[in-house]
Amino acid sequence: MQPGGVLEIGQDGPAAEAAESRRDDAALLARLRQGDSDAFEQLVRQHQDRLYDFCVRMVGDREEAHDLVQEIFVSVHQNVRRFREDSRLSTWLFRITKNHCINRLKYLKRRGRGRSEEFDEASAPWVDGPGAPPTPDAALESARERARVQWAISQLEPDSRMLVALRDIEGLSYDEIVDITELPEGTVKSRLHRAREKLANLLGRLEP
């Protein structure tokens, strides 16, 4: 209870976590703007895996995704002082990543590499979960399923691919996706619905 008899309500849970995240972002951003190299390394450690996964989903090529992530963090380093703090730091990072991925896809299309076929069972590593590691058969089936999903995603148009990756794989909220894509929420939802339908049809064609 606060002084004066006012009971604090709602200070725990998601709201409190969101407030703490915003405070952490603000502190990290202040250090980044001061040119703190340790802060930049912290930023990379916190976000590089998610950004890399998103790039793989978008371009379907792990080497391209690796190069993209390096370019993205160079861009972040060069532009961090211009960040207006009109969104979460992670949302801003995804916005930059989205732009780099779209530009890379256009470049690859001009070179005749618009849709990659590279993602296969051997390049789909499984991630250890809690408890005992999966059996070889389970690991192989998991890799096959990821390969099927990635192939189907790679057949979508870039905008649809992006929405599926942001919502269904990264688990971002609609508000975050609106900030990243700069599209109205209704447009995001309708395009995502159509993308999911097409994805389901593509995956259905792969069923034995």
| request: Among residues belonging to the range 75-110 that are β-branched (Val, Ile, Thr) and under 12 Å from the mean Cα position of the chain (by Cα), point out the one that is farthest from residue 62 (Cα to Cα). | output: 91
| request: Could you tell me whether residue 86 is in a helix (DSSP H, G or I) and loosely packed, with under 15 Cβ neighbours inside 10 Å? | output: no
| request: Mind listing whichever residues of the range 170-197 are loosely packed, with under 15 Cβ neighbours inside 10 Å and among the β-branched types (Val, Ile, Thr)? | output: 187
| said: Checking the conditions here, which among 186, 129 is modelled with pLDDT under 85 and farther than 22 Å from residue 203 by Cβ? | reply: 129
| query | Any chance the range 134-156 includes a residue that's open to solvent by 70 Å² or more (accessible area, probe 1.4 Å), modelled with pLDDT of 95 or more and part of a loop (DSSP other than H, G, I, E, B)? | reply | no
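The values are calculated or read from the model by the stated rules, or taken from the named source; none is laboratory data. Here the structure is a predicted model, which means the values were calculated and not measured. No Cβ is skipped: glycine too gets one built from the backbone with ideal geometry, and neighbour counts run over all protein chains shown. Accessible surface areas use protein heavy atoms only, side chains included; no ligands, DNA or RNA. Shrake-Rupley method; radii C 1.70, N 1.55, O 1.52, S 1.80 Å.
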